[in-house]
Amino acid sequence: MTTELPTKYDPKHCESTWYARWEEAGHFRARPNPDRKPYCITIPPPNVTGELHMGHAMQHTIHDNVTRRKRMQGYETLCLPGTDHAGIATQMKVEEKLYREEGKTRYEVGREGLIERIWEWREEYGNAIYDQLRKLGCSYDWERSRFTLDDGYVAAVLKAFESFHEHGWIYRGTRMINWCPKCGTVISDLETEERLTQGKLWHIRYPGLDGAPDVTVATTRPETMLGDTGVAVHPSDARWQEAVGRQVLLPLMERPIPIVADDYADPEMGSGAVKVTPAHDPNDYEVGARHDLVQIVVIGFDGMMTDHAGAWAGLDRYECRKQVIVALKAAGLLVQIDDHEHAVPHHDKCGTVIEPLPMEQWFMNMEGLAAKARAHLQGGRTEIPQVRYQPDRYRGYALEWLDNIRDWALSRQIWWGHRIPAWYCVDCSGDGLTPLSGYDRDQALKDGAFRVAVEAGARPIVATRQPQACPDCDGTHLVQDPDVLDTWFSSALWPFATLGWPEPTPDLAYFHPTDLMITGRDILHLWVLRMIMTASEFVDQIPFQQVLIHPTILTKDGKRMSKSLGTGLNPLDLVRLYGADATRYSLLAQCGATQDVRFDAQIEDNVVQASASAEAGRNFCNKLWNAARYVMLSVDGNVTPVASAGTGELADRWILSRLAQTIRSIDEAQDSFRFSDVTRTLHEFLWRDYCDWYIELAKPRLLSGQSQGRAQVEGVLVYVLEQALRLMHPIMPFLTEEIWQQLPLADPERPDSLMIASWPEPDAEAIDMAAEADMTFLQAVISSARTIRSELNVPQSKKIHLVLAAGSTASAERLETHRDYVQGLVGAESIDIGTDLTQPASSGSAVVGDIEIYVPLEGLIDTDAEARRLRKEIDKFLSLITALDKKLGNEGFLKKAPTAVVEKERLRRQEYDTSLQKLTSSLEMLE
RNA sequence: GGGCGAUUAGCUCAGUUGGUUAGAGCGCCGGUUUCACAUACCGGAGGUCACUGGUUCAAAUCCAGUAUCGCCCACCA
């Protein structure tokens, strides 16, 4: 070879080059092909707001690993990328930017103005995540990239809405919803996050009226008392029998409110009486409904106290809390204050405390869809296609969730998203359309800045396009519903909408159902289940065969990764430091059965300083690079790969057997998504077997100069390396391609890229247990001899003489046949092998099976060191023998254990005894 | 409050249906720059498998309980 290869692998150089060449060659593209089976993954679309985080990096490394392997296996493999418009999150980001840069709020630029800015923002940042994925090496079909607000996708969303509405599942109704005062919108239960908060429990006395007893109630939210319209006690609570039906005086507001009997009150808690605020607590809302209690909204949509809060109107809800407490104290009605830890719902996007409020919204009844999804999750054998979960326990959680499903609040009071396809007639809606404060009616209707109240006369007309005229009054002045849909409504259609639905496209027919959905735990129900529901409903299929739940990535200390805490980890930092291949390797190596991964990166100021596991990946890259470098520099011209042992050389038989076994293990591990096993197995095979042993044994053969032997060893060296590169490619695409392209391989069939080369098949014929046993034996002998050398401080430059005293002719022959291996790898000048050899004077010694290994070292030997070594070995065997004797002396064991096990233990007992005797005599000799 | 998962070497983790002396990588200690690689090579030390009990001839592995950590679900004031 004339090529000059640097001694270190440089990822930067070849990553961008190869990526561009693959893409140019169209290797990422997949199109319906009747001659091949399809394999399809639609990626979970990242938010356009987002930058790649470690969870993404893990997820996409898995995607691409699976995708590349399937492609090599001959499937028409599609990995379809896309991004999510991510309503609230994106709008929040752009609003922040708007305020930061222009000092304006969304209301100042108006609906159109804001949406325009969001699109601009998306153009600028929306594709950033694609570039990041490319840097990781993801071989996705970029020509098919989809966005949840692109034209075709919008058509799918409208169609879905219309269809659900026709079923009567989507309706307009008033219910208790979660309101985020900061974002000014409804959010669903699934978007709230309970945070454990250290708060207080205030006990307040409500004076009785007309002979009714005083009632003490406890609350974590005293400000809500301003909206209390009742007090509830349990119907069977003897203490309160007399009080039910009477009234107490609500302090501060000086309003008489009734005492009602309701099961909700828990006699065990406090006084047994509970205050009821129907407008600000989901439970109280129910209680209020049962007893016809008035709803008084005291906290408004902006988180400020309303006019109904009397003297406290206009205060922030938390300021009001403080003042209410002061006022109650002054009135002598605050009887007790306890520390109280409790869960408080927060908006998961912005962290604001949720305000529960009764409100009219669009809802979807989920029962029909839940039933459909449930049928696909039963497990076991059935006619109905089943979605498999890995790990399976998440399927159980999903079923549980479906059993408790509640109506889904669909509408959001934001501007970025799919506007609800419902229209109202301005002429006949009466008071059903009311402008938001600060707008006059005409402007409000024009800007979509109004509230809809079906209860007050608005009549929604659901249609995918604006109707010409009102079906009731023929009025032509129609306005669209101001709200947009929950982002998850659109993402729920992802797998089939990205393949063309609602059009009956060839893509949809060919690639759907898709094969794999890889996701984190956080959106299993929120998203994954809803995709199963909608696919079942709209295309009568499951959306994917299997759901793979990947580990959550934590920091070194087992904490959540978070940018704001300075523990966020940018995977591209790892790529920059160690290369994409090393990063991928490191992520897969940590992706085992355990759910959470503690990523070992050291982070300072949100920048990765170092990562031991990525460094291990880099070292492995470099090892592979240098192994290839050695092969290329050692062989003569283009080599014809050799896949058989030919002359029967042990090393060849052994490495080919190991290769076949490795392929089997890799297939098994890949198919069951045990990625850490995949990397471990390949690491072991390439580093230990191929580099440490096979190449070392090949060196003397390459130097010996016999042309026939040379062709054999060169052929096997190249063949095994080439096969291993194929196995490694889905993990380390860049490095493997780079090496593979340079391999001096005489193969006319060779495709233009490793990424479209075929996946290796294990050769059953090559599996050779005898060869593996022989090698294991020789490795043990060689290691023992090396240990003696090392422990007795024999310099490596010193050539030693080795005496191998075999306990049987079989062992002697075994050694004799492979004398060269031992001599070469131990670094011995000469070896004596025989059954009748005795221990030379002043020698180091060791025992392997029935072989005694002696290294004569006249004058050099440190007698004390050697004696220490031997005693330690002897002690080890003594304790082993003691344990074994106990076992073999146990009648229960002899009687009940399988005879094979007993036999094995007896044999071991003999071997130990032989070793012990030999070691003992060596020690005696020394002394 | 209910459910689930985890606990194995200094660190991060493997350990498949119970059966040789519980493994790997990193780190540590000793040695080595002979022509693939010091991002390397050779060798070594290091574990009461969280704890307690049980089942079994035999338990890191199966069962029960305890502790610690984490996650999910839940309207308990």
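The values are calculated or read from the model by the stated rules, or taken from the named source; none is laboratory data. Model, not experiment: these values are computed from the prediction. Virtual Cβ from ideal backbone geometry, glycine too; neighbours counted across all protein chains shown.
Remarks
- Here A:Ser808 clears all of (1) among the small types (Gly, Ala, Ser); (2) more than 15 Å from RNA strand B (Cβ to nearest atom); (3) under 47 Å from the mean Cα position of the chain (by Cα) except the condition numbered (3).
- Among the residues of region A:216-233, the one identified as charged (D, E, K, R), closer than 16 Å to A:Ala327 by Cα and more than 10 Å from RNA strand B (Cβ to nearest atom) is A:Glu223.
- Scoring A:His291 on the criteria (1) touching a Lys or Arg at 6+ places or on another chain (Cβ under 8 Å); (2) closer than 15 Å to A:Pro235 by Cα; (3) in contact (Cβ under 8 Å) with a residue 40 or more places away in the chain leaves a single failure, condition (1).
- Qualifying residues in region A:148-184 (those that are within 18 Å of A:Trp415 (Cα to Cα) and β-branched (Val, Ile, Thr)) - the one surrounded by the fewest Cβ atoms within 10 Å (Cβ to Cβ): A:Val154
- Some residue of region A:820-842 being farther than 30 Å from A:Leu702 by Cβ, within 12 Å of RNA strand B (Cβ to nearest atom) and not polar (S, T, N, Q): no
- Within region A:164-178, being within 16 Å of RNA strand B (Cβ to nearest atom) and either within 14 Å of A:Glu367 (Cα to Cα) or of a type in the set (A, V, I, L, M, F, W, C) (or both) holds for A:Met176, A:Ile177.
- Each residue in region A:281-291 was checked for being within 11 Å of RNA strand B (Cβ to nearest atom) and either surrounded by fewer than 18 Cβ atoms within 10 Å (Cβ to Cβ) or within 21 Å of A:Cys320 (Cα to Cα) (or both), and 5 pass.
- Test for A:Trp759: is it closer than 23 Å to A:Glu714 by Cα, of a type outside the set (Gly, Ala, Ser) and without any contact (Cβ under 8 Å) to a residue 60 or more places away in the chain: no
- For A:Thr220, the conditions (1) closer than 27 Å to A:Ile414 by Cβ; (2) in contact with a Gly (Cβ under 7 Å, 6 or more places away or on another chain) all hold with the exception of (1).
- Restricting region A:376-410 to residues that are small (Gly, Ala, Ser) and exposed (fewer than 14 other Cβ atoms within 10 Å of the Cβ), the residue that is farthest from the chain's Cα centre (by Cα): A:Gly380
- Filter result (more than 10 Å from RNA strand B (Cβ to nearest atom) and crowded, with 18+ Cβ neighbours inside 10 Å) within region A:670-680: A:Gln670, A:Phe673, A:Phe675, A:Val678
- Extreme residue, farthest from A:Pro358 (Cα to Cα), among residues of region A:288-301 that are more than 42 Å from the chain's Cα centre (by Cα) and outside any loop (DSSP other than H, G, I, E, B): A:Arg290
- Residue within region A:902-911 that is among the acidic types (Asp, Glu), in contact with a helix residue (DSSP H, G or I) (Cβ under 7 Å, 6 or more places away or on another chain) and within 11 Å of RNA strand B (Cβ to nearest atom) present: yes
- Among the strands (runs of 3 or more DSSP E) confined to region A:208-278, the ones with at least 2 residues that are within 53 Å of the chain's Cα centre (by Cα) and surrounded by 21 or more Cβ atoms within 10 Å (Cβ to Cβ) are located at A:215-219, A:230-233, A:255-261, A:273-276.
- Segments classed as helices (runs of 4 or more DSSP H), wholly inside region A:819-927, with at least 3 members that are out of contact with any Ser or Thr (no Cβ under 8 Å at 6 or more places or on another chain), under 27 Å from A:Ala773 (Cα atoms) and hydrophobic (A, V, I, L, M, F, W, C): A:819-826, A:863-888, A:899-926
- Inside region A:515-543, residues that are assigned to a loop (DSSP other than H, G, I, E, B) and either within 15 Å of the chain's Cα centre (by Cα) or not aliphatic (A, V, I, L, M) (or both) make up a count of 4.
- Each residue in region A:544-564 was checked for being out of contact with any His (no Cβ under 9 Å at 6 or more places or on another chain), touching a residue at least 60 places away in the same chain (Cβ under 8 Å), within 11 Å of RNA strand B (Cβ to nearest atom) and outside any loop (DSSP other than H, G, I, E, B), and 2 pass.
- If you filter region A:678-732 down to residues that are polar (S, T, N, Q) and not in a loop (DSSP other than H, G, I, E, B), you find that the one that is nearest to A:Lys135 (Cα to Cα) is A:Thr679.
Residue-wise test of (1) at pLDDT below 95; (2) part of a strand (DSSP E or B); (3) away from RNA strand B (no atom under 12 Å from the Cβ); (4) surrounded by fewer than 16 Cβ atoms within 10 Å (Cβ to Cβ).
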site	(1), (2), (3), (4)
A:Val597	yes, yes, no, no
A:Asp600	yes, no, no, no
A:Ala627	no, no, no, no
A:Leu633	yes, no, no, yes
A:Ala645	yes, no, yes, no
A:Gly648	yes, no, yes, yes
A:Glu668	yes, no, no, yes
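- Residues of region A:504-519 satisfying the condition of being surrounded by fewer than 17 Cβ atoms within 10 Å (Cβ to Cβ) and either within 16 Å of RNA strand B (Cβ to nearest atom) or under 17 Å from A:Gly82 (Cβ atoms) (or both): A:Thr505
- Lone qualifier among A:Ile767, A:Ile782 - being hydrophobic (A, V, I, L, M, F, W, C), modelled with pLDDT of 90 or more and within 10 Å of RNA strand B (Cβ to nearest atom): A:Ile782
- All positions within region A:122-146 that are of a type in the set (Phe, Trp, Tyr) and at pLDDT 95 or above: A:Tyr140, A:Trp142
- Residues (of a type in the set (S, T, N, Q), closer than 13 Å to A:Pro760 by Cβ and either touching a helix residue (DSSP H, G or I) at 6+ places or on another chain (Cβ under 6 Å) or buried (at least 20 other Cβ atoms within 10 Å of the Cβ) (or both)) located in region A:650-666: A:Thr662, A:Ser665
Here's the yes/no breakdown for (1) of a type in the set (Lys, Arg); (2) more than 10 Å from RNA strand B (Cβ to nearest atom); (3) on the phi > 0 side of the Ramachandran plot; (4) modelled with pLDDT of 90 or more:
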| position | (1), (2), (3), (4) |
| --- | --- |
| A:Ile187 | no, yes, no, no |
| A:Gly199 | no, no, no, no |
| A:Pro235 | no, yes, no, no |
| A:Ala238 | no, yes, no, no |
| A:Glu242 | no, yes, no, no |
| A:Leu252 | no, yes, yes, no |
| A:Ile257 | no, yes, no, yes |
| A:Pro267 | no, no, no, no |
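Quick grid of which residues meet (1) within 6 Å of RNA strand B (Cβ to nearest atom); (2) free of Cβ contacts under 8 Å to residues at least 12 places away in the same chain; (3) crowded, with 23+ Cβ neighbours inside 10 Å; (4) in a loop (DSSP other than H, G, I, E, B):
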residue	(1), (2), (3), (4)
A:Thr583	no, no, yes, no
A:Leu587	no, no, yes, no
A:Gly592	yes, no, no, yes
A:Ile603	no, no, no, no
A:Gln609	no, yes, no, no
A:Ser613	no, no, no, no
A:Leu624	no, no, yes, no
A:Tyr630	yes, no, no, no
A:Pro641	no, no, no, yes
